[in-house]
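Report on one structure; see the data block that follows.
The values are calculated or read from the model by the stated rules, or taken from the named source; none is laboratory data. Since we're looking at a predicted model, the values are computed, not measured. Glycine gets a Cβ as well: all are built from the backbone with ideal geometry, and neighbour counts include every protein chain shown. Ligands, DNA and RNA are stripped out before the accessible areas are found, and what is left, the full protein with its side chains, is counted by its heavy atoms. Shrake-Rupley method; radii C 1.70, N 1.55, O 1.52, S 1.80 Å.
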Amino acid sequence: MTGTTGDNMIEAVGLTKSYGARTAVYNLTFRVQPGKVTGFLGPNGAGKSTTMRMILGLDHPTGGSVTIGGYPYRQLPNAPRQVGALLDANAKHGGRSARAHLLCLAQLSGIPARRVDEVLGVVGLSEVARRRSKAFSLGMGQRLGIAAALLGDPQVLLFDEPVNGLDPEGILWVRNLMRRLAAEGRTVFVSSHLMSEMAQTADHLIVIGRGQLMADLPVRDFIAANSTDFARVRTPDGDEAAREALVKALGDAGGQVHPEADGALKVVGLPLPRISDLAHEADTRLWELSPHQASLEEAYMRMTQGAVDFRSTADQRAGLVQQAPAPGYAPGHTPGYAPGYAPPQQPYVPPQPPVQAQPPVQPQAPVPAQRAAGATMALGVPALPPTPPASPPPVAAPADIPEQPAPSRPEDAR
Amino acid sequence: MSAENARRVLLSEWTKIRSVRSTLWTLVTAIVVTVALGMLISGLIGHNFDDLSPHERMTFDPTFISFAGTSLGQLALIAFGILVVSNEYSTGMIRASLTAVPVRGVLMAAKLAVAAALALVVGMVTSFLAFFLGQSVLGEHSTDIGQPGVLRAVFGGGLYMGLIALFAMGAAWTLRSPMLSFGILIPFFFLISGILANVPATEKVGHYLPDQAGSRVMRVMDDGEQPYGPWAGLLIMTIWVVGALLAGYAVLRKRDA
């Protein structure tokens, strides 16, 4: 194996991938360093999987290049022993047993058969190793895919949405596995659309939206830069005068006050004792005064929806013109949570594209078949109201439930 | 590409075929259908030989009759060829395979080598079984392997089976989707090719279709319909196979996996 850590770096330079008129990935430049878990974050359809496939030499970039340890994947010496990847948990022949599946891959890579039994043990599938994988749940499929990635004991690991379909115990296991692999000095590149998951797993974040780089920074910095503390204040129900007085007092003191759907007030920019003092001076009783931190999910959504709109918006309008803006979020939701994701009152207006955001996304552009599913999954995302980047979305539910692991959203089912 | 690399990729492709039941079933089906149907038709002809016209009796080809099941049995070998290749695409396994073996030609060559060798073995077994069992039921009208051209026809029948599977593999590398491959190849070889070769307007072209040309090698008696000899016919079929494989390789090289 390679000596210096720099040899295992993934490096993309100006990576671009177009399917006809549609640009899936545009001018991505980033580095994935060894010894860390690097989260690759973006909404569904943002180009994460496309980027991963280009890293692995499966898709040809339209422009730019990506290398591992300085080599394009196809020229990498002994690629399967250097790089392991989980791209799709369903990428297995259902009629083949888990063990046979791994044995095929091991033999392709010149890995001895006993290693197959080893990794089956590592991922906890030893007992079902000889069962046909057709009967596997998505979670078991993920474990099998992770086993395949680990086969060659590689220094570089890529995982595309590895926690999809895993139970909480499985998620914890994957999290610990990633961290351990990184602690051993390996390069670990994990994609996800769940910010909350990445916040607990990754050291570094690469965020893309609509195929473009949105952020490339340590997780700690991302949290600090994107989340703002706020207070929730509730005045007695039915006492509009008291509420108005408090809003005025808080506003005069320099706070930003956002009324919430249930009548509470969200106050940004004032410490809690100060709010209490102001309420006292305004002669207003408080039913609630609580500290909150904006959830990471919210910070992440704000980032990805701010400067760049989603390609999926364009797709949505092309394919489903007659439909409501956000059918994607309706099913499978806990009723209490749904309102946060409900379509905004005002019709969705795509944000003005920034000057440098030029992927020519045509609303009419057909979605290539293999991407269509992912794009459709993302339908709900644009339903969030477009908010100026400075302030949190007025009706964004994540703020109500800080740090909550993302609920089972439709796209999780992928 | 070292010998060690080649060995392990070949071994893996063998494991892939071995560990899935559907591919093995298609091979068993090919043998059973070809032999059984050949025997059935040989038996019927043998019993009703006297009802044949004088011309038919003159050009009677006992060897070719025992291969009568090939037209149906070859479909199972085509299915085998399609499944071996397009299963990789329909399951997504191709990404894992190409991640492990980034050089496209190596993976393709290994898969073709293993699957074609298997199809060839099955083809030979089928051909010899169909011949000997077919002759056994033909009774007094039978021929034997020592007669001129008979061994060539039986051996050629095995080659034909191997080549038809290889053609299906080339087409499947090109088309990728199993549904598309089945939807095009099965009707073509089951019906369309036969029609084209027997309708006067198209028969000149129809004789040059892969299965029509290739099956010439199984005839001992020249019925004069095809304007080429047995080996030339097999060569025409081989050209089709090479074309299909080159198209498949081009698609594998150029297109995203």
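Tabulated values for the structure
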| item | result |
| --- | --- |
| Estimated distance in nm for a label pair at B:Arg21 and A:Thr62, the labels positioned 7 Å out from Cα along Cα-to-Cβ | 4.6 nm |
| Distance between modelled label sites at B:Thr59 and A:Ala224, nm, 7 Å Cα→Cβ extension | 9.1 nm |
| Solvent-accessible area buried by A and B, counting both chains, probe 1.4 angstrom, square angstrom | 2500 Å² |
| The range B:3-254, accessible area per residue, ligands and nucleic acids excluded (1.4 Å, Å²) | 42 Å² |
| Nonlocal amide H pairs with A:Ala24, under 5 Å, H built at 1.01 Å | A:Lys17, A:Ser18, A:Tyr19 |
| Average beta-carbon neighbours from other chains, 10 Å sphere, peptide A:44-53 | 1 |
| By accessible area with a 1.4 Å probe, ligands and nucleic acids excluded, highest first: order of B:Val121, B:Val85 | B:Val121, B:Val85 |
| Of all accessible heavy-atom area on the range B:3-254, the percent that carbon and sulfur account for (1.4 Å) | 72 percent |
| The range B:3-254 - Rg (one decimal) and Dmax (whole number), Cα, Å | 19.0, 63 |
| Above-threshold pairs, the threshold being 31 Å between Cα atoms, out of A:Lys17/A:Lys92; A:Lys36/A:Lys134; A:Lys92/B:Lys254 | A:Lys36/A:Lys134 |
| P(r) histogram, all alpha-carbon pairs of the range B:63-202 included - 10 Å bins from 0, percent | 12, 34, 30, 17, 7, 1 |
| In order through the range A:44-61: 3J(HN,Hα) via Karplus (6.51 cos²θ - 1.76 cosθ + 1.60), integer Hz, x for Gly, Pro | 4, x, 7, x, 5, 5, 4, 4, 5, 5, 5, 4, 8, x, 7, 10, 8, x |
| Alpha-carbon centroids, the range B:188-257 and the range A:181-243: separation in whole Å | 62 Å |
| Counted charge near A:Gly35, where neighbours are those whose Cβ lies closer than 14 Å (Asp, Glu -1; Lys, Arg +1) | +2 |
| In nm, spacing of pseudo-spin labels at B:Arg255 and B:Ala232 (7 Å Cα→C-beta vector) | 3.6 nm |
| Two-decimal ratio, the range B:150-235, of alpha-carbon radius of gyration to 2.2 N^0.38 Å | 1.14 |
| 5 angstrom amide H check on A:Met214, placed H, neighbours 5+ away | A:Val207, A:Ile208, A:Gly209 |
| Top positive-direction residue, dipole computed over chain B with Cβ charges, set B:Ser127, B:Leu83, B:Leu98 | B:Leu98 |
| R0 of 25 Å, Cβ-Cβ distance A:Asp283-A:Asp237: FRET efficiency to nearest 0.05 | 0.90 |
| Extension gain, A:Glu244 back to A:Glu260 (0.36 nm per residue minus Cα-Cα distance, nm) | 4.4 nm |
| FRET efficiency, B:Ala3 to A:Gln75 (Cβ-Cβ, R0 25 Å, nearest 0.05) | 0.75 |
| Inter-chain shielding of A:19-29 (mean C-beta neighbours from other protein chains, 10 Å cut-off) | 0 |
| For the range B:97-118, residues shielded by at least 30 square angstrom of accessible area compared with the chain on its own, probe 1.4 Å | B:Thr99, B:Ala100, B:Pro102, B:Arg104 |
| Cα-based equivalent ellipsoid of the range B:8-104: semi-axis lengths in Å, sorted from largest, via gyration tensor | 43, 12, 10 |
| Cβ crowding within 10 Å averaged over residues, with B:34-47, A:150-163 ranked highest first | A:150-163, B:34-47 |
| 10 Å Cβ neighbours from other chains, averaged over peptide A:80-92 | 3 |
| Per-pair calculated FRET efficiency, R0 = 60 Å: A:Leu217 and B:Leu133 via Cβ, rounded to 0.05 | 0.20 |
| Around B:Ser177: net Lys/Arg minus Asp/Glu count, Cβ-Cβ under 14 Å | +1 |
| Relative contact order (%) - criterion: Cα under 8 Å, at least six apart; region: the range B:3-254 | 24 percent |
| Angle in degrees between helix B:104-138 and the longest Cα principal axis of chain B, rounded to the nearest 10 | 20 degrees |
| Phi-based couplings in Hz for the range B:173-190 (Karplus 6.51, -1.76, 1.60; Gly and Pro marked x) | 4, 6, 8, 6, 6, x, 4, 5, 5, 4, x, 8, 6, 5, x, 4, 7, 7 |
| All aspartates and glutamates inside 13 Å of A:Lys266 as judged from Cα atoms, apart from same-chain residues fewer than 8 positions distant | A:Asp229, A:Glu288, A:Asp400 |
| Calculated from backbone phi, Karplus (6.51, -1.76, 1.60) coupling profile of the range A:160-172 in Hz, x at Gly/Pro | 9, 6, x, 8, 3, x, 8, 7, x, 5, x, 4, 4 |
